[in-house]
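Where a number appears in this text, it was derived from the coordinates with a stated rule and is not lab data. Predicted, not measured: the structure shown is a model, and the values here were computed from it. Because the Cβ atoms are built from the backbone with ideal geometry, glycine has one as well, and the counts that use them run over all protein chains shown.
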């Protein structure tokens with residue numbers, strides 16, 4: 001686990017007042033003189049700790065729900081076995097075939113275009129965009145993806161960014177199928193990284209590295225440059241910064257909201273009956289995740305392209321981000337949680353603890369003077 | 001159906017009954033590892049078969065319930081087990097420091113370090129017993145004992161001035177100076193009739209905290 005101390009300090013500035021969301025029972029409004037009893041009675045603090053151990057809103061965001069067992073009786077069990085046979089024996093090979101076919105077509109078109117059309121940039125870009133959309137469609141077909149798109153199709157205009165909630169890397173593939181976006185992503189190792197550095201570069205994607213503290217400034221500069229450019233592909237950002245289990249949204253990072261451009265929200269909601277599309281990156285790799293998707297029945301989801309939003313006068317970027325998060329959560333029917341997604345990788349800032357300590361200290365001192 | 005090892009092994013092997021604290025924790029770790037491979041294997045098989053409900057048998061649930069004096073209902077024990085498994089990411093049979101501190105709400109609690117020392121390395125049965133003080137069925141005596149244990153970090157049955165000071169320091173951080181803390185404590189102790197260098201025992205705590213209600217109830221979510 002990477003311990004990023006300097007970025008913890010930066011995270012402080014990102015956060016709206018968390019105390020508005022968390023219960024502050026440790027500040028009991030006391031009456032009268034301070035007694036020994038009041039100092040010994042640590043029960044509210046203990047209760048908060050106990051509550052956190054038993055259930056907390058942060059871990060709930062990353063819980064992949066196990067499928068309920070339904071197959072433990074005489075007639076359902078053989079049916080389930082038959083289902084397994086169909087999924088692994090018939091569907092899976094067909095899907096692998098489709099995917100391989102798709103890759104062959106894609107590579108045989110992409111490589112010549114990339115090398116031969118070096119001079120004609122505009123034409124090259126158009127063809128590469130179409131090819132990326134093609135390979136994404138092949139990917140979606142390989143999971144039998146049933147995607148319902150609602151709302152106007154995104155178009156490439158300057159000074160606009162798209163934001164969406166994030167459940168898995170396949171979000172990007174599903175959206176890319178419809179329009180070739182330039183996305184900002186974490187640089188991954190392995191074959192994913194290879195694809196990132198070769199093919200996705202052509203669409204104009206931007207990479208960042210979560211564990212590097214200085215990276216933030218470089219990335220925000222790149223974002224700004226991209227948004228200004230007239231013929232760049234529309235920029236897609238996942239402001240949560242990490243994959244969440246599609247029942248909750250964690251706090252949006254303000255980076256996407258302080259570029260001075262219009263923000264177009266996109267809400268994505270997966271139907272869990274068919275498959276749980278949440279990619280728990282701590283549990284399995286992306287390859288395992290893809291294989292899991294390819295051996296389930298279907299990936300069914302809804303994508304809503306929502307009304308573009310501008311920052312209201314007098315609104316801070318953080319408030320703007322929260323407002324857009326509210327719009328996306330309302331449309332997708334998921335709940336909002338006040339935690340920062342990066343807490344998956346680092347500890348919460350000590351400032352939060354200090355706020356509680358300060359409140360208690362002040363109440364003690366005040367009651368001391370209340371004589 | 002396929003004869004998975006029940007969680008009885010998890011409950012039994014990890015409580016080797018030794019009272020010596022340091023030895024207990026080390027032994028627990030070693031013994032827990034033996035069940036890890038079988039647990040992981042059975043967990044994986046269960047996931048493939050699509051049955052990921054609790055691996056606890058009725059026998060296990062009743063054993064745990066008895067251990068915490070029936071303060072926690074059976075359904076709550078099942079929920080707590082799911083929570084325990086969720087927190088215990090490396091399936092070691094106990095929840096380690098890192099895993100507790102990865103819960104942000106716990107990590108920002110001022111008393112997290114003290115509580116942490118009490119819960120580190122507990123297996124599931126003891127975990128439930130630890131949380132039983134927060135049940136609505138727990139007696140006032142039980143809750144006061146629990147608070148006493150939080151103060152009495154060395155477990156010798158006596159809470160000294162320095163223990164009280166330590167807890168107050170955890171709660172107030174750098175916002176009160178050390179001298180002010182000592183002053184406040186001495187003052188309230190004297191008002192309550194104790195001298196600065198007197199040590200408090202459980203009966204004192206009962207006397208001080210016993211009459212008014214303690215707001216210490218946590219509801220365990222039951223699916």
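Report P(r) for region A:152-191: all Cα-Cα distances, bin width 10 Å, range 0 to the bin holding the largest distance, values in whole percent.
Cα pair-distance distribution for region A:152-191, in percent: 22, 55, 19, 3.
For region A:145-344, what relative contact order do you get, as a whole percent, if you take Cα pairs closer than 8 Å and at least 6 residues apart?
RCO, region A:145-344: 32 percent.
Expected output is a single nm value to one decimal: the length gained when fully extending between residue A:73 and residue A:114, i.e. 0.36 nm times separation in residues minus the C-alpha distance. What is it?
9.1 nm
At 222 nm, what helix-only mean residue ellipticity would chain A give, in deg cm²/dmol to the nearest 500, using -39500 (n - 2.57) for each DSSP H run of four or more?
-14500 deg cm²/dmol, from helical runs alone.
Tell me the angle of helix A:76-85 to the major Cα principal axis of chain A, expressed in degrees between 0 and 90 and rounded to the nearest ten.
50 degrees
Measuring from the lowest to the highest alpha carbon on each principal axis, how far does region A:157-218 reach, largest first, in angstroms?
Reported extents, whole Å, longest axis first: 31, 29, 24.
Using the Cα gyration tensor of region A:194-269, with a ≥ b ≥ c the square roots of its eigenvalues, what is the shape: rounded (a/c below 1.5), prolate (a/b larger than b/c) or oblate (neither)?
Since a/c stays below 1.5, the shape of region A:194-269 is classed as rounded.
Mind checking Rg over Rh on region A:145-344, alpha carbons, Kirkwood formula for Rh?
That ratio equals 0.93.
Give me the angle, in degrees from 0 to 90, between the Cα long axis of helix A:92-116 and the longest principal axis of the Cα atoms of chain A, rounded to the nearest 10.
80 degrees
Report the residue, chosen from A:204, A:260, A:89, that carries the largest GNM mean-square fluctuation when chain A is represented by alpha-carbon nodes joined by springs under 10 Å.
Sorting by GNM fluctuation, first place goes to A:89.
Running a GNM on chain A with Cα contacts under 10 Å, which residue among A:171, A:340, A:38 ends up with the highest mean-square fluctuation?
Of A:171, A:340, A:38, the most mobile in the Gaussian network model is A:38.
Identify which of A:330, A:267, A:180 has the largest mean-square fluctuation in a Gaussian network model of chain A, with springs joining Cα atoms closer than 10 Å.
Of the options given, A:330 has the highest mean-square fluctuation.
Could you state the number of Å between the C-alpha centres of region A:157-233 and region B:83-121?
Distance between centres, Cα-based: 35 Å.
Just need the relative contact order of chain A here, percent rounded to a whole number, with Cα pairs under 8 Å and 6+ apart.
25 percent
Express the relative contact order of region B:52-189 as a whole percentage, based on alpha carbon pairs under 8 Å and six or more residues apart in sequence.
The normalised contact order for region B:52-189 reaches 20 percent.
Based on the alpha-carbon gyration tensor of region A:81-179 and its eigenvalue square roots a ≥ b ≥ c, which shape applies: rounded if a/c is under 1.5, prolate if not and a/b is larger than b/c, or oblate?
It is oblate, given that a/c is not under 1.5 and a/b is not larger than b/c.
So for region A:145-344: antiparallel DSSP bridges make up what percent, rounded to the nearest 5?
Taking every DSSP beta bridge with both residues in region A:145-344, the antiparallel ones total about 20 percent.
Using a/c under 1.5 as the rounded threshold, could you call region B:115-165 rounded, prolate or oblate? The axes a ≥ b ≥ c are square roots of the C-alpha gyration tensor eigenvalues, and prolate needs a/b larger than b/c, oblate otherwise.
oblate
Based on the Cα atoms of region A:214-254, what semi-axes does the equivalent ellipsoid have, where each is the square root of 5 times one gyration tensor eigenvalue, given in whole Å with the largest first?
One finds semi-axes of 24, 14, 7 Å for region A:214-254.
Pop the C-beta distance of residue A:148 and residue A:35 into the FRET formula with R0 = 60 Å and round what comes out to the nearest 0.05.
0.45
What is the angle, in °, between the Cα long axis of helix A:317-332 and the longest principal axis of the Cα atoms in chain A? Nearest 10 is fine, range 0 to 90.
Here the helix axis deviates by roughly 60 degrees.
Neighbouring Cβ atoms within 10 Å as the yardstick, rank A:150, A:226, A:284 fewest first.
A:150, A:284, A:226
Roughly how crowded by other chains is peptide A:346-359, in terms of the mean Cβ count from those chains within 10 Å of each of its Cβ atoms?
5
Express in whole angstrom the spacing between the alpha-carbon centres of region A:307-348 and region B:162-223.
Spelled out, the Cα-based centre of one part sits 40 Å from the other.
Can you give me the pair-distance distribution of chain A, C-alpha pairs, 20 Å bins, whole percents?
For chain A, the pair-distance distribution reads 24, 51, 20, 4, 0.
From other protein chains only, count the Cβ atoms within 10 Å of every residue's Cβ in B:185-194, then give the mean.
For peptide B:185-194, the averaged partner shielding equals 3.
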